[in-house]
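Following: one structure in structure tokens, then a few remarks.
Just so it is clear, none of the values below were taken in a lab; they were calculated from the coordinates. In this text the structure is predicted, and so the values were computed from the model without any measurement. Neighbour counts run over all protein chains shown; Cβ positions are idealised from the backbone, glycine included.
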Number of protein chains: 4
Amino acid sequence: MTASLKRRQVVAVIGAGDAPRDVCELAFELGREIARRDAVLLNGGRSGVMEFAAAGAREEGGHTIGILPGYDRHAANRHIEFAIATGIGEARNAVIVASADAIVALAGEGGTLAEIGFAKKFGKPIVALDSWPEIDGMSRADTPAQAVALALKLARSNSRRRN
Amino acid sequence: MTASLKRRQVVAVIGAGDAPRDVCELAFELGREIARRDAVLLNGGRSGVMEFAAAGAREEGGHTIGILPGYDRHAANRHIEFAIATGIGEARNAVIVASADAIVALAGEGGTLAEIGFAKKFGKPIVALDSWPEIDGMSRADTPAQAVALALKLARSNSRRRN
Amino acid sequence: MTASLKRRQVVAVIGAGDAPRDVCELAFELGREIARRDAVLLNGGRSGVMEFAAAGAREEGGHTIGILPGYDRHAANRHIEFAIATGIGEARNAVIVASADAIVALAGEGGTLAEIGFAKKFGKPIVALDSWPEIDGMSRADTPAQAVALALKLARSNSRRRN
Amino acid sequence: MTASLKRRQVVAVIGAGDAPRDVCELAFELGREIARRDAVLLNGGRSGVMEFAAAGAREEGGHTIGILPGYDRHAANRHIEFAIATGIGEARNAVIVASADAIVALAGEGGTLAEIGFAKKFGKPIVALDSWPEIDGMSRADTPAQAVALALKLARSNSRRRN
């Protein structure tokens, strides 16, 4: 067989499906930063923050994975390269968090809060970008570039601690 | 066939699996109140808040359902009458919330935060008992009796709104 | 706390949601037999085989649990006493099998075949009643009474082997 | 935003995790054929058929996705490029089938049978390669090249029928 491949780091960007313009612009920049650093963008595959983050990653030639709630792969936004049709509804939020090395959180609602809860439960590094001041135990960043740099750094030290 | 049965209201009690004594005592009282009001107690089926709430409900002769993360039904605590072995891990938190008419939240950590997120996402009434002051949009109660009364009242009005 | 309760055996009845009359009558008899033997009837909570098996169990005063694919507990048929709204779609078939001590299979299609596959995977005893001659490794029965008796006997010996 | 990307066809290869040498060799050839035809290889991400199919796809420079049962992405075999850690156990079989445009089945046991059941349920084209003669309603092929060609052809006509 061929030699083992080196798997890329995976960063999830979480936030609202109906986010306002300024939050979507942050998501787009997050996607660009993730791709520039040769990491894979993973999210819920739908609209709003999910669509803009995927668009940003694709603009820089990065890979994008969408973990969809339903069975229809065509429900993924058009910047998702690999659409996983889980059919498990909102429980997919646990899959998004478990499948990432680190998470960057933008403003969001119930679904995003569930993902933050899973990140704490699973011990995954999570960076809040201009959001969620009320939740303890998250790292903080002021810009997309800082958020992605911090997320990847925390993921590496998390990975070292396990090995 | 026989006449249709009238399905009981279902209340989920959520909180930590390794809660301190005083929180477990609140859970036990919540279980008793739920059974006294002829509702079904549903939770994650394990230790701590989950075990004490189930014990309280059983003491009053109520039904108890445990939604387990793994495939082993014997992992349910001994006060769970009906053990559902989901095998879907922490994603079961979404099942707990979706299967309840209302949720009462005690102090907890990541898993409980995920359940609060799902309650918001699914539009389920959720009452915080002496906990989670930092999360907006939850109803508040000071005693187990108040919490259960409020949870059942909100569930009824929620159900009317849908019909 | 109160003494530990003795949990009842759980038997799943699987088969088509749009089964013909004669198969539904077998399902009804299976439900009656399960309840007469003080076991709990568990299934997918919808129409056809699922509805008739639950009706039979209720006629004998037995407990019935429905593991639903969606988030709407009201989608359960009217003979389901405890409706679990998994929201995980067809993946709930794995939950049905994992949550039962034994399975009785009637004629069915893709969903039933998936459940037979999971029963083999999980090492759960499975009895075919007048169905699935093409699948190896299932026990066979000619009447509902025989099927339930055999299912419960296999479940007991399965449980002893584990302990 | 950038132009919409053209998503590749996805083919799942299903079969035993502890398959004998000759079945693993068929899996390797299936992986190669899938990659040569510019499709993505998707499977359960573990050993046996899953590992050899991924190795074959990688040898031809194709993309490989593994849908894992647990939370540990490092449990994926070393030829999986994108590891999805579902944490939903054997219920992931439904995700594998739902996320593919077509399925090729090799010899297998309970898990593979569950996947065949889901393929029927979801109306996904499924091609048996030298296996499963007892199951009706599957297409048949004699060689890996024939199996992949037929799977992709059926996927295209399936997709046209939906649109």
| said: How shielded is B:105-118 by partner chains, expressed as the average number of their Cβ atoms within 10 Å of its Cβ atoms? | reply: 5
| note | Of the convex hull drawn through the C-alpha atoms of segment B:1-125, the volume per residue in Å³ is 113
| query | When the helix-only estimate is applied to chain B (DSSP H runs of n ≥ 4, each -39,500 (n - 2.57), divided by the residue count), what is the mean residue ellipticity at 222 nm, nearest 500 deg cm²/dmol? | reply | -13000 deg cm²/dmol
| Inter-chain shielding of B:94-103 (mean C-beta neighbours from other protein chains, 10 Å cut-off) | 6
| remark: Expected unfolding gain across D:Asp72-D:Ser47 under the 0.36 nm per residue rule, minus the alpha-carbon gap, is 7.5 nm
| task | Using a 10 Å cut-off on Cβ to Cβ distances, tally the other chain neighbours for every residue of C:74-85 and report the average as a whole number. | result | 5
| task | Measure out, as a whole number of angstrom, how far apart the alpha-carbon centroids of segment D:37-61 and segment D:92-133 sit. | result | 16
| request: Kindly provide the GluC sites (Glu not before Pro) of segment D:70-163 that DSSP labels as loop, not H, G, I, E or B, and whose Cβ sees at most 15 other Cβ atoms within 10 Å. | output: D:Glu134
| query | segment B:64-163: which trypsin sites (Lys or Arg not before Pro) are DSSP loop and have at most 16 other beta-carbon atoms within 10 angstrom? | reply | B:Arg78
| segment A:80-163 - Kirkwood radius from inverse mean 1/r over Cα pairs (Å) | 13.5
| request: Tell me the distances, shortest first, between C:Arg162 and the same position across the other copies, using label points 7 Å along Cα→Cβ, in nm to one decimal. | output: 2.8, 3.2, 3.7
| query | Tell me which lysines have Cα within less than 25 Å of C:Lys120's Cα, excluding those fewer than 8 residues away on the same chain? | reply | C:Lys153, D:Lys120, D:Lys121, D:Lys124
| task | Can you list which of the chymotrypsin sites (Phe, Trp or Tyr not before Pro) found in segment C:74-139 are DSSP loop residues with at most 10 other C-beta atoms within 10 Å? | result | none
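Averaging the inverse of every distinct alpha carbon separation and then flipping it gives the Kirkwood radius. What is it for segment D:8-77, in angstrom units?
11.5
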| said: If I model a spin label at B:Arg160 and A:Arg8 as a point 7 Å from the Cα along the Cα→Cβ vector, what separation in nanometres do I get? | reply: 5.4
| query | What residue of chain B has the nearest C-beta to the axis that moves B onto D, and what is that distance in Å, given as a whole number? | reply | B:Ile88, 2
| If you put a point 7 Å past Cα along the Cβ direction, how far is that point for B:Gln146 from the same point in each other copy, in nm, smallest first? | 4.1, 6.3, 7.5
| field | Cα Rg, Dmax (largest Cα-Cα span) when computed across the protein assembly as shown, Å | value | 24.5, 70
